[in-house]
Amino acid sequence: GSGGFRKRKHDNFPHGQRREEKENVNPSSPLMTSFKSFQLELDTRHDKYERLVKLSRDITIESKRTIFLLHRFTSAPNGEEILNESEIKLDAVRRKIKQVAQELIGEDMYQFHRAISPG
C-alpha cells in the first residue's frame, strides 16, 4: 500500500540473533586463524605503505626547501653559509631516501610504487 511502513531486510531477524552468532564463532578455528593472519599481513603492508608515503612527502618538502635555499645563493652575500646549510639539508634527503630503500628490501617494489612520488 501507499504511505505504509516499509520493512527492512534485517527486520526479519529477531533482535539479538546476530550477537549470538558472533558469540558462537570459534576464534581458534582454522578459518579464523587464516583470517587473522591475512589481517596481520594486510595491516603490515598498509603500515609500510603509509610510512613510504610519509617519507616520500618529507623528501619532496626537504628537496624543495633546498632548491629555494640555493636560489638565494646568487643574491646573498654569505654564499658559503648557504652552501653549508644546503649540504646539511641534502644529507637529510639522502637519509630519507636510504630509509625508503630499507623499507623496500625484500618487497615487491611495484606494490608500493604509488606510495613514492618522483618529486
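Quick note: the coordinates plus some simple rules give every number you see, no bench work behind them. Please read these numbers as outputs of a predicted model, since none were measured by experiment. Here the Cβ positions follow ideal geometry from the backbone for every residue, glycine too, while neighbour counts run over all protein chains shown.
Let me check against my output: what whole-number percent is the relative contact order of segment 30-115, with C-alpha pairs under 8 Å and at least 6 apart? Working shown, then result.
Working: 38 pairs, mean separation 34.9, N = 86.
About 41 percent, as a whole number.
Averaging over every viewing direction, what projected area does the convex hull of the Cα atoms of segment 48-119 cover, in nm²? Could the numbers behind the result be given before it?
Working: hull surface 18.8 nm².
The directionally averaged projection comes out at 4.7 nm².
In this simple spin-label model, placing a label point 7 Å from the Cα along the Cα-to-Cβ direction at both R95 and H46 gives a separation of 3.0 nm.
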